[in-house]
Amino acid sequence: MIPTAEVLNKGLIVSVQAPLGSPMRDPDVIAAMAEASLRNGAIGVRLESPEHIGAVRRRCPEALIIGLWKCTFPNSSVYITPGWREIQGVWSAGADVIALDATERVRPEGQLLADLVQRARQELRATLMADVDSVQNGLNAAALGCDWIGTTLYGYTETTSERTPPGLELLPDLRRGLESSVRLICEGGIASPGTARSALDAGADNVVVGTAITGVDLQVAAYSLSLAIVG
């Protein structure tokens, strides 16, 4: 179930993910990190893959889960829940909200965002989070029927690759352009509580923090590199 607006408002969502090949990428480890996040004030978690969604749902049955499935295909740079198969997999695993790429990029197998959104709403009655990279793509996704809009892909698409997340600059225009019922989420590049606060002040309803909290591999690598002695 989606929590009430009172619970959701101004809440932290933790992205609990681990890169391929990492020993942290274990369903039990992911579930433990998710539970720790929820115990310490997170109002929900964002998870990748049906396997991890299912593991957290079993361990934390009352958790708010935003689910996605990263899958790569030839001839398309869209990888966050790119098609109907992935949408079904995320939903069947127990996600409350399905996150999907809602940029203007070409999707695998010619699938169209508008068709996927319509089908997910009609057949699954699912709440959808649109991961976008621009104000216009966010407004377009909301017009199609997405319930939550996230700045997740700002800095990660071909047209925004020269920009550095978080997408704080998108938030005021998105908030003005979106209906009040549409939740605005700032995700990507939030590395401190101060930046998270700035996102809320700029118009976000919630923030998603991942690497700064759960990214053990990347955090340790960054510290190791900065402390390395140059011979």
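The values are calculated or read from the model by the stated rules, or taken from the named source; none is laboratory data. Since we're looking at a predicted model, the values are computed, not measured. Using ideal geometry, Cβ is built from the backbone for each residue, glycine included, and neighbour counts are taken over all protein chains shown. Ligands, DNA and RNA are stripped out before the accessible areas are found, and what is left, the full protein with its side chains, is counted by its heavy atoms. Shrake-Rupley method; radii C 1.70, N 1.55, O 1.52, S 1.80 Å.
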Legend entry - Evaluation of Lys70 against (1) open to solvent by 60 Å² or more (accessible area, probe 1.4 Å); (2) over 17 Å from the mean Cα position of the chain (by Cα) (one fails), failing number: (2)
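Residues checked against (1) closer than 26 Å to Leu139 by Cβ; (2) over 14 Å from the mean Cα position of the chain (by Cα):
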| position | (1), (2) |
| --- | --- |
| Ala55 | no, yes |
| Ala63 | no, yes |
| Pro82 | yes, no |
| Gly94 | no, yes |
| Val106 | yes, yes |
| Leu116 | yes, yes |
| Ala120 | yes, yes |
| Glu123 | yes, yes |
Inset, instruction - Determine whether region 102-115 contains at least one residue that is touching a Pro at 6+ places or on another chain (Cβ under 7 Å) and over 23 Å from Ser76 (Cβ atoms). - result: no
Inset, instruction - Kindly provide the set of residues from region 199-231 that are in a loop (DSSP other than H, G, I, E, B) and under 26 Å from Glu169 (Cα atoms), ordered by number. - result: Ala202, Gly203, Ala204, Asp205, Gly210, Gly215
Inset, instruction - Might you let me know whether region 90-112 holds any residue that is free of Cβ contacts under 8 Å to residues at least 24 places away in the same chain and assigned to a helix (DSSP H, G or I)? - result: yes
Inset, instruction - Mind listing whichever residues of region 132-182 are within 18 Å of Ser15 (Cβ to Cβ), assigned to a loop (DSSP other than H, G, I, E, B) and among the aliphatic types (A, V, I, L, M)? - result: Val132, Leu153
Inset, instruction - Just need a number here: residues in region 136-156 that are open to solvent by 20 Å² or more (accessible area, probe 1.4 Å) and more than 15 Å from the chain's Cα centre (by Cα). - result: 6
Inset, instruction - Return a yes/no flag: does region 122-131 have any residue that is part of a helix (DSSP H, G or I) and open to solvent by less than 10 Å² (accessible area, probe 1.4 Å). - result: no
Inset, instruction - Out of Thr160, Thr211, report the one residue that is crowded, with 16+ Cβ neighbours inside 10 Å, in contact with a helix residue (DSSP H, G or I) (Cβ under 7 Å, 6 or more places away or on another chain) and at pLDDT 95 or above. - result: Thr211
Inset, instruction - Any residue in region 211-229 that's over 15 Å from Gly21 (Cα atoms): show its pairings with residues that are surrounded by fewer than 11 Cβ atoms within 10 Å (Cβ to Cβ) at Cβ separation under 8 Å, as long as the two are six or more apart or on different chains. - result: Ala212/Ser192
Legend entry - Conditions (1) touching a Leu at 6+ places or on another chain (Cβ under 7 Å); (2) part of a loop (DSSP other than H, G, I, E, B); (3) not aromatic (Phe, Trp, Tyr): number failed by Cys186: (2)
Legend entry - Filtered residue count, region 12-48, keeping only those that are part of a loop (DSSP other than H, G, I, E, B), touching a residue at least 40 places away in the same chain (Cβ under 8 Å) and open to solvent by less than 40 Å² (accessible area, probe 1.4 Å): 3
Legend entry - Condition broken by Val78, with the remaining ones in (1) open to solvent by less than 10 Å² (accessible area, probe 1.4 Å); (2) in a helix (DSSP H, G or I) satisfied: (2)
